[in-house]
Amino acid sequence: MKTLRIGIDNYGLYPLRLSPLDILRWAKDNGAEGVHFSGLSQEDGKKIDEAYLKDLAQYAASNNLYLEWGGGQHIPFEMDTWKKKEIFTINRKAADEAAALGARIIRSCSGGLMRWEPESPTTEALLQEMADSLCSQRQMLKDHGVILAIETHFEFTTHELLRLFERCDAEPGDYLGICLDTMNVLTMLEEPVQATERVLPWVVSTHIKDGAIILSSEGLVTFPAEIGKGVINIKKICERLASLPGEICLSVEDHGGCFTLPIFDSIFLSKFPDLTLQEFAGLVQMASHSAEAKRAGQLAITERKIWPEICESRLKRDIQALKKLLHS
């Protein structure tokens, strides 16, 4: 397997309110090989100018650290009101910044939880609006030499993202791609290895995150776990990523919290029409393994409120665990 560089996503250290340059220093000092800046605080965002970006790029280059950027969006709506939103300008700003950094990846996440909210537009309607908006951004993104990497978040399944790319007449390596979050796909009722296989040619960046899934009285509950302690086959996913022709960086993302999937609600479940019995059975098996590990005290949900206290130590362990896993 070819060597893949292991870095971090800055979200895991967000509670520390470190500046982007300090995040890069933290990465260097703790054995990470780069940083995926999926987003910045409003305060840091206001400081971003050409000189600031030049300093970041210079520090990264002198320490052989990769850089990936964020700030992109792909859903052309305000997520709280569902009013139309112009995202071309938002993405052009992110593209300008990425180009100035010499970064070719812009992570895009619009932060929706549409299937959980009955008043949301249908997935079909959203896909069409997205396609119309993103098609108009093709040349702008290509001119900047960047790829808008749509994160596998809690918005669309890998099946739906593939249909989006088809509507956008895009090809792998073109102007659209995927930021593969290895745990988030669980929350979209997808088995992580199978989800990876579906979108493999499209993956241009990652959030490497272990996790687990358990059965509760309300449905299924998913949550992040320290790398090596969850039930996601991270090693197999990384092996598949290593088969890609281009460079893929493994950006560790970790955080607290959990997510409830009300699968006993037939209306909620009907919003996942691509879910097969075979894949659902795989999720049930993962839930069984998660329950066993939880009973044995090897696995637990990390409360968001304690994340600021443990984020540094956990990310350090995540980096080392991922290195060990890939070399085992």
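The values are calculated or read from the model by the stated rules, or taken from the named source; none is laboratory data. Quantities reported herein were computed from a predicted structural model and do not represent experimental measurements. When we count neighbours, we look across all protein chains shown, and the Cβ atoms used for this are built from the backbone with ideal geometry, even at glycine.
So that you can scan it fast, the table gives a plain yes or no per residue for (1) part of a helix (DSSP H, G or I); (2) surrounded by 12 or more Cβ atoms within 10 Å (Cβ to Cβ):
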| residue | (1), (2) |
| --- | --- |
| LYS271 | no, yes |
| LEU275 | no, yes |
| LYS294 | yes, yes |
| ILE306 | yes, no |
| ILE310 | yes, yes |
| ILE319 | yes, yes |
| LEU322 | yes, yes |
Next on the checklist: Just to check your reading of the model, which residue among VAL199, VAL185, VAL204 is within 18 Å of GLY72 (Cα to Cα) and either buried (at least 20 other Cβ atoms within 10 Å of the Cβ) or in contact with a Gly (Cβ under 7 Å, 6 or more places away or on another chain) (or both)?
Outcome noted: VAL204
Checklist outcome for this item: Scanning region 57-82 residue by residue, those in contact with a His (Cβ under 6 Å, 6 or more places away or on another chain) and on the phi > 0 side of the Ramachandran plot turn out to be none
Checklist entry - Quick one: what pairs do we get from region 65-82, first residue under 17 Å from GLU97 (Cα atoms), second in a loop (DSSP other than H, G, I, E, B) and among the β-branched types (Val, Ile, Thr), C-beta under 6 Å, 6+ apart or different chains? => result GLN73/ILE87
Checklist entry - Filtering region 284-326 down to residues that are free of Cβ contacts under 8 Å to residues at least 40 places away in the same chain and among the small types (Gly, Ala, Ser), which residue is farthest from LEU186 (Cα to Cα)? => result SER313
Checklist entry - Does at least one position in region 282-290 carry a residue that is among the hydrophobic types (A, V, I, L, M, F, W, C), in a helix (DSSP H, G or I) and either surrounded by fewer than 16 Cβ atoms within 10 Å (Cβ to Cβ) or at pLDDT below 95 (or both)? => result yes
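Look at GLY177 and say whether it is outside any helix (DSSP H, G or I) and at pLDDT below 95.
No, not satisfied.
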Checklist entry - Can you tell me how many residues in region 209-228 are of a type outside the set (Lys, Arg), surrounded by 22 or more Cβ atoms within 10 Å (Cβ to Cβ) and in contact with an Asp or Glu (Cβ under 7 Å, 6 or more places away or on another chain)? => result 4
Item to check | Check on GLU190, in a loop (DSSP other than H, G, I, E, B), among the charged types (D, E, K, R) and either crowded, with 18+ Cβ neighbours inside 10 Å or modelled with pLDDT of 95 or more (or both) | outcome: yes
Checklist entry - Taking helices (runs of 4 or more DSSP H) that do not extend beyond region 1-76, which have at least 3 residues that are of a type outside the set (D, E, K, R)? => result 20-29, 50-62
Item to check | Residue match in region 252-263 (condition: in contact (Cβ under 8 Å) with a residue 12 or more places away in the chain, of a type in the set (Ser, Thr, Tyr), touching a helix residue (DSSP H, G or I) at 6+ places or on another chain (Cβ under 8 Å) and over 21 Å from ILE8 (Cα atoms)) | outcome: no
Item to check | Members of region 292-309 that are of a type in the set (A, V, I, L, M, F, W, C) and either closer than 18 Å to GLY34 by Cβ or under 21 Å from the mean Cα position of the chain (by Cα) (or both) | outcome: ILE301, TRP307
Item to check | Any chance CYS258 is buried (at least 19 other Cβ atoms within 10 Å of the Cβ) and either within 16 Å of the chain's Cα centre (by Cα) or within 30 Å of GLY34 (Cα to Cα) (or both) | outcome: no
Next on the checklist: If I go through region 195-224 residue by residue, how many of them are assigned to a strand (DSSP E or B), closer than 23 Å to GLU292 by Cα and either touching a Lys or Arg at 6+ places or on another chain (Cβ under 6 Å) or not β-branched (Val, Ile, Thr) (or both)?
Outcome noted: 9
